[in-house]
Every structure is written in C-alpha cells, then in structure tokens.
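Here's the structure, in structure tokens; my notes come after.
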Amino acid sequence: MEQTTTDNGKNIAIIAYITLIGWIIALVMHNNNKTELGAYHLRQMLGIMVLGLVLSLLNMLLDIYILALIIQIGLLVLWVLGLIAAVQGEKKPVPLLGEQFQQWFAGIG
C-alpha cells in the first residue's frame, strides 16, 4: 500500500508534536511538500517549545517547585490540545498564545 501525498499536511502536523527531533523531521518534510496545515502546526509547536524554554529558564532563576509543576502541567495541556487539533486536521490555535505564535513565527511556511 502506497502512501499518498494528499494528506494535506496532516502527517507533518502530527509529527511536529513528537519532541524536538520530530519537529525537525516535520520541518524537513514540510520543505518538500508545503501545506497550510503543516506550517500552522509547525508554528504552534515551535511556540510551545520556545514558551517552555523561556518559562523553564525563569523557573531556574526563581527556583520554586510548585511553579515548575504548574508550568509543566500547563505545557502538557497545550501540547495535548495542539496534538488533538493536528490529528483532527484542524487549524485550531492553542489557548492564550496560539494566535501570537502564528504571527511571531510567520516565516515558517
């Protein structure tokens, strides 16, 4: 059974949510077959990763355990919501910063 290229970027969107390595693989795949859905979820996941990095650095400075726990749970929720949207083939922004991620990382896609 051959895989068709008519998935409209759904595979790229899903792979983008599988860690940093998955995101890089999805970016390479997207460069070979640019789709709106793939670009959208690449930007969403990049935003989640950058947000996680910034919040983790902030938490290292503050060194508050409960804050770290809240940050990790919040990032997990954003990741799950983004992954669900990718699996369903929807361009649905993650809560709070999803629209800003699209603007900030508009160069992807």
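Just a few scattered comments:
- In loop segments of segment 8-66 as defined by DSSP, the trypsin sites (Lys or Arg not before Pro) with at most 16 further C-beta atoms inside 10 Å of their C-beta are Lys34.
- Applying a DSSP loop filter and a limit of 10 other Cβ atoms within 10 Å to the GluC sites (Glu not before Pro) in segment 1-94 leaves Glu2.
- Counting only residues at least eight positions apart within a chain, or on another chain, the lysines with an alpha carbon under 18 Å from that of Lys34 are Lys10, Lys91.
- With the biggest extent put first, the Cα atoms of the chain measure 51, 28, 23 Å across the principal axes.
- Nearest 10 degrees, 0 to 90: helix 36-62 Cα axis against the chain principal axis: 20 degrees
- Sorted by Cβ density within 10 Å, fewest first, the residues Asp7, Asp63: Asp63, Asp7
- Between amide H atoms placed 1.01 Å from N, distances below 5 Å from Ile18 occur with Trp23, all of them 5 or more places distant or on a separate chain.
- Inter-label distance, nm, simple model (7 Å from Cα along the C-beta direction), Asn33/Val50: 2.7 nm
- Over the chain: helical MRE at 222 nm, DSSP H runs n ≥ 4 each giving -39500 (n - 2.57), nearest 500: -23500 deg cm²/dmol
Bear in mind that the values in this text are calculations on the coordinates, not laboratory data. Nothing here was measured: the structure is a model prediction, and the numbers come from that model. Here Cβ is always computed from backbone atoms with ideal geometry, including for glycine, and neighbour counts include all displayed protein chains.
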